[in-house]
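Working notes for the structure below.
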Amino acid sequence: MTAAFVYKAGVLHAEEVSLAHVAAAVGTPFYCYSSGAVTSAYEAFAGAFSDRPSLVCYALKANANLALVRTLARLGAGADVVSEGELRVALAAGVPAERIVFAGVGKTEEEMAAGLEAGILQFNVESLPELAALNRVATARGVRAPTALRINPDVDARTHEKITTGRAENKFGIDLGRVREVAGLAAEMPGISLQGLAVHIGSQLTGLAPFRAAFERMAALFGELRATGHDLHQLDFGGGLGIAYRDEVPPAVADYAAMVKQAVGALDARLVFEPGRLLVGNAGVLVTRVIYVKEGAQRRFLILDSAMNDLIRPTLYEAWHDIVPVSEASEAETQAFDIVGPVCETGDTFARQRPLPPMAAGDLLAICCTGAYSACMASEYNMRRLAPEVLVRGQDFAVVRARSDYAAMLSRDRLPGWLEAVDGAPQGAA
Ligand code: LLP
């Protein structure tokens, strides 16, 4: 966690706001984000590249909450979007269209039209069929689509296999060996304006070497394509820089920046970055209450009021999240708990055998480093309501997404005519 989350008078605070106070006001579970933590993460990253033409496009997939995106937009961030929905959030948050990059391996023609309509900075195109579709959509509108080719550099990011994207066997990007041919075809297309290259090799990287390998390949390719007549001026290095969830030691932003500058040398290109997790991951916690302390035959369980539908990372990626009591432990004694949700799946487990001070029903816990890929990956599985999101700034807090509402959840379903009568007799009844 960051300095934004600290104990004050024995209670965990987000900046100046007590999480126990927020829990009393909005109920549990809830996500809580710190504006200050987001701001310092953005400023550290953007500041590291302020000495050369660059643009930091926040990857909305990490957390598309409107208030959070607006916080970043006000700092000057651009946006990396992967769907029309994210495009709409970015625009509504006030990100200027000329700072929006549209990524993703499966953009539909409707999404391309929405991007062109908005006048975005660039489409990162990942295949020849996608390039042809973009050309069709742009030509039909009488415009040229600003385009970068996303390259698959065939580099192993050495991260969890489910979030590795830069190996030749992954679905992402255009194979290194075919780029020259695809660039040649792009140059012939009336609806395409080829302006750059893009790469993204994976997420939660904790070493610089894979980045360096990919970026050096990209810089060489960029120079080569330029030498053969392509007027490229933008180089997008994607996101992927990891954070410390447990004992990882991810590269410092300054070291990452130094490596990038070394890899591109004197190349005359505007650098674009798409960090997601790095900007918001450490800026959030999930606050949850213990419903029961259950003594099992072999384990002692804490059964929480949050579940895998609120936070799927532990079960999906075997991800580690620190879990701490909101009221600071007064005694040194700890016990080992399996910390689980109420859903009927053994995978609904946040942590196993975690040492915590003695806990009782009603106690509050904070699940740490859940600003990224947490609330945005939540679902209403088991007809559980989505947890609300709270944004803190100094002494202020505001609910920036309300808890979902049972009436609204129920009203989404429709009954066909033959099932409408509530008092219909069971079928087959005499
Ligand atoms: N750019 C592209 C093209 C991406 O695919 C991604 C993430 C990013 C940027 C941002 O990467 P970041 O800086 O956040 O690492 N749900 C997973 C992470 C999925 C990442 C997908 N792509 C998790 O919870 O770990």
**Message:** With among the hydrophobic types (A, V, I, L, M, F, W, C), surrounded by 13 or more Cβ atoms within 10 Å (Cβ to Cβ) and within 15 Å of the ligand (Cβ to nearest atom) as the only criterion, which of A372, A366, A351, A329 stands out?
**Reply:** A372
**Request:** Select, from A186, A213, A198, A209, the only residue that is of a type in the set (A, V, I, L, M) and loosely packed, with under 15 Cβ neighbours inside 10 Å.
**Result:** A209
**Request:** Hey, could you check the stretch 144-199 for residues that are assigned to a loop (DSSP other than H, G, I, E, B) and of a type in the set (S, T, Y) and say which is nearest to the ligand (Cβ to nearest atom)?
**Result:** T165
**Asked** List, please: which pairs have Cβ atoms under 6 Å, are six or more places apart or on different chains, and start with a residue in the stretch 55-73 that is part of a loop (DSSP other than H, G, I, E, B) and end with one that is aliphatic (A, V, I, L, M) and more than 13 Å from the ligand (Cβ to nearest atom)?
**Response** A64/V89; N65/V400
**Message:** So, in the stretch 66-111, exactly how many residues are farther than 19 Å from L278 by Cβ, β-branched (V, I, T) and away from the ligand (no atom under 15 Å from the Cβ)?
**Reply:** 2
**Message:** Go through the stretch 132-181 and report how many residues are over 30 Å from A244 (Cα atoms), in contact with a helix residue (DSSP H, G or I) (Cβ under 9 Å, 6 or more places away or on another chain) and small (G, A, S).
**Reply:** 5
**Prompt:** What number of residues within the stretch 85-113 are surrounded by fewer than 20 Cβ atoms within 10 Å (Cβ to Cβ) and either in contact with a Phe, Trp or Tyr (Cβ under 9 Å, 6 or more places away or on another chain) or under 17 Å from S35 (Cα atoms) (or both)?
**Reply:** 2
**Conditions (1) of a type outside the set (S, T, N, Q); (2) assigned to a strand (DSSP E or B); (3) touching a residue at least 40 places away in the same chain (Cβ under 8 Å); number of the one not met by A79** = (3)
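When the residues of the stretch 221-248 are narrowed to those that are assigned to a strand (DSSP E or B) and touching a helix residue (DSSP H, G or I) at 6+ places or on another chain (Cβ under 6 Å), which ends up surrounded by the fewest Cβ atoms within 10 Å (Cβ to Cβ)?
Checking each candidate, the answer is L241.
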**Residue count, the stretch 134-152 (criterion: surrounded by fewer than 22 Cβ atoms within 10 Å (Cβ to Cβ) and either among the charged types (D, E, K, R) or touching a Lys or Arg at 6+ places or on another chain (Cβ under 8 Å) (or both))** = 3
**Message:** Pull out all pairs, ordered by first then second residue, where Cβ-Cβ is under 9 Å, the residues are six or more apart or on different chains, the first lies in the stretch 190-218 and is of a type in the set (K, R), and the second is modelled with pLDDT under 95 and away from the ligand (no atom under 11 Å from the Cβ).
**Reply:** R217/P153; R217/D154; R217/V155; R217/L176
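If you take just the strands (runs of 3 or more DSSP E) that sit entirely in the stretch 249-310, which of them hold at least 1 residues that are in contact (Cβ under 8 Å) with a residue 40 or more places away in the chain and within 14 Å of the ligand (Cβ to nearest atom)?
Answer list for the stretch 249-310: 270-273, 284-295.
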**Asked** With S40, S50 as the choices, which residue is assigned to a loop (DSSP other than H, G, I, E, B) and either on the phi < 0 side of the Ramachandran plot or among the polar types (S, T, N, Q) (or both)?
**Response** S50
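Quick check on the stretch 295-321: of everything there that is more than 22 Å from I243 (Cα to Cα) and out of contact with any strand residue (DSSP E or B) (no Cβ under 6 Å at 6 or more places or on another chain), which residue is surrounded by the fewest Cβ atoms within 10 Å (Cβ to Cβ)?
Step one: list which residues in the stretch 295-321 are more than 22 Å from I243 (Cα to Cα), which gives 295-307, 309.
Imposing the further condition that a residue be out of contact with any strand residue (DSSP E or B) (no Cβ under 6 Å at 6 or more places or on another chain) reduces the set to 295-298, 307, 309.
Working: E295: 9, G296: 8, A297: 4, Q298: 6, A307: 25, N309: 21.
The qualifying residue surrounded by the fewest Cβ atoms within 10 Å (Cβ to Cβ) is A297.
Do we find that T147 is within 18 Å of the chain's Cα centre (by Cα) and in the same structural domain as N124 (by TED's automatic domain parsing) in this structure? Write out each step before concluding.
Details: within 18 Å of the chain's Cα centre (by Cα): no; in the same structural domain as N124 (by TED's automatic domain parsing): yes.
For T147, the condition - within 18 Å of the chain's Cα centre (by Cα) and in the same structural domain as N124 (by TED's automatic domain parsing) - is not met.
The values are calculated or read from the model by the stated rules, or taken from the named source; none is laboratory data. Quick caveat: nothing in here was measured; it's all calculated off a predicted structure. Every residue, glycine as well, gets a Cβ built from its backbone with ideal geometry; the counts of neighbours run over all protein chains shown.
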